[in-house]
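To start, the structure itself, in C-alpha cells.
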Amino acid sequence: QGLKPVVSTESPPLSFGTTSKLASDFPATDSFLGKNKVPDLQTLFQKADGLPVHLKRGVPDKLLYRTTMALTVGGTIYCLIALYMASQPRNQ
C-alpha cells in the first residue's frame with residue numbers, strides 16, 4: 001500500500017485567463033510616462049549654492065523639514081515625560 005502523497009501532483013487551474021503585459025510591451029511614447037525630469041533635477045541638485053540636498057527645492061522642502069523636526073522634538077519630549085511619569089511610584 002505505502003504512503004499516499006499529501007501534495008497534489010496536478011497543477012492548479014489558472015486564476016486569470018489572460019497573461020499580463022510586461023513593461024517592455026508598452027511603446028515608449030505613451031502619454032502616461034510624461035516628461036523626463038531627471039536632467040532638470042540633476043542640474044538643480046548639483047548646483048553649488050551651499051544648501052543641503054534636502055532643502056534645494058524651496059518652500060515645500062523647508063516646510064517638510066521643519067514639520068519633521070518639530071514632530072521629532074515633540075515626540076522626544078513626550079517620551080521623556082512619559083518615562084518620568086512611569087518611573088514615579090503611585091500615591092495611595
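Readers should treat all values here as calculations from the given coordinates under stated rules, not as data from a laboratory. The structure presented is a predicted model; accordingly, all values stated were derived computationally and were not measured. As a convention, Cβ positions derive from the backbone with ideal geometry for all residues, glycine included, and neighbour counts pool all protein chains shown.
Observations on the model:
- Residue ranges 41-50, 82-91, 57-66 sort as 57-66, 41-50, 82-91 when ordered by packing (mean number of other C-beta atoms within 10 Å per residue, highest first).
- Gyration tensor (alpha-carbon) shape descriptor, region 52-91, a/c threshold 1.5: prolate
- Once the Cα-Cα distance is subtracted from the 0.36 nm per residue extended length, the HIS54 to CYS79 segment shows a gain of 6.3 nm.
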